[in-house]
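Bear in mind that the values in this text are calculations on the coordinates, not laboratory data. Please read these numbers as outputs of a predicted model, since none were measured by experiment. As a convention, Cβ positions derive from the backbone with ideal geometry for all residues, glycine included, and neighbour counts pool all protein chains shown.
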Amino acid sequence: MGSEKWLQIGFFGALEIIFCKMFPGTAIKANPNIESKVKNWKEKYGLLVDMQKISDFSWNHDTHSIVMDSEDVWKEYVKFHSKANGMNGRVFPMFPSWKLLFGKDRATGVMAEDAAKIWEDASDDATHQPIHEEICWH
């Protein structure tokens with residue numbers, strides 16, 4: 001199988017292959033596992049960014065949590081943003097990473113890796129054959 005097939009599987013498929021290589025026998029799949037988790041993270045990131053734009057909210061860098069002026073402010077916010085329910089008092093240690101992933105800036109240059117490069121990295125060094133077929137795709 002050539003790198004064309006690799007390009008067709010997309011980013012989440014590439015992650016599935018990497019997970020299979022790192023954790024043989026894993027049941028983690030691109031869809032629904034990885035896609036739904038990333039969607040949830042992106043949603044939470046968007047809500048946290050939105051809250052920080054409102055004067056009654058701020059971000060506590062030490063506790064990785066949102067801080068609000070009063071409980072009434074929170075109740076009012078959740079009325080209009082129901083998906084934020086349950087985020088009050090929660091810790092989000094991955095927020096800085098989410099900012100890298102979902103913020104306006106994207107990895108370029110040295111930090112960027114295209115699918116063809118990931119394909120090479122997922123190949124067995126001795127045979128230069130992709131190992132993901134044996135591990136992940138039955």
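A few remarks follow.
- Options Ile18, Ile34; residue that is aliphatic (A, V, I, L, M) and touching a residue at least 24 places away in the same chain (Cβ under 8 Å): Ile18
- Qualifying positions in region 50-70 - touching a helix residue (DSSP H, G or I) at 6+ places or on another chain (Cβ under 8 Å) and in a helix (DSSP H, G or I): Met51
- Residues of region 20-49 that are within 17 Å of Trp98 (Cα to Cα) and out of contact with any helix residue (DSSP H, G or I) (no Cβ under 7 Å at 6 or more places or on another chain): Ser36, Lys37, Val38, Lys39, Asn40, Lys44, Gly46, Val49.
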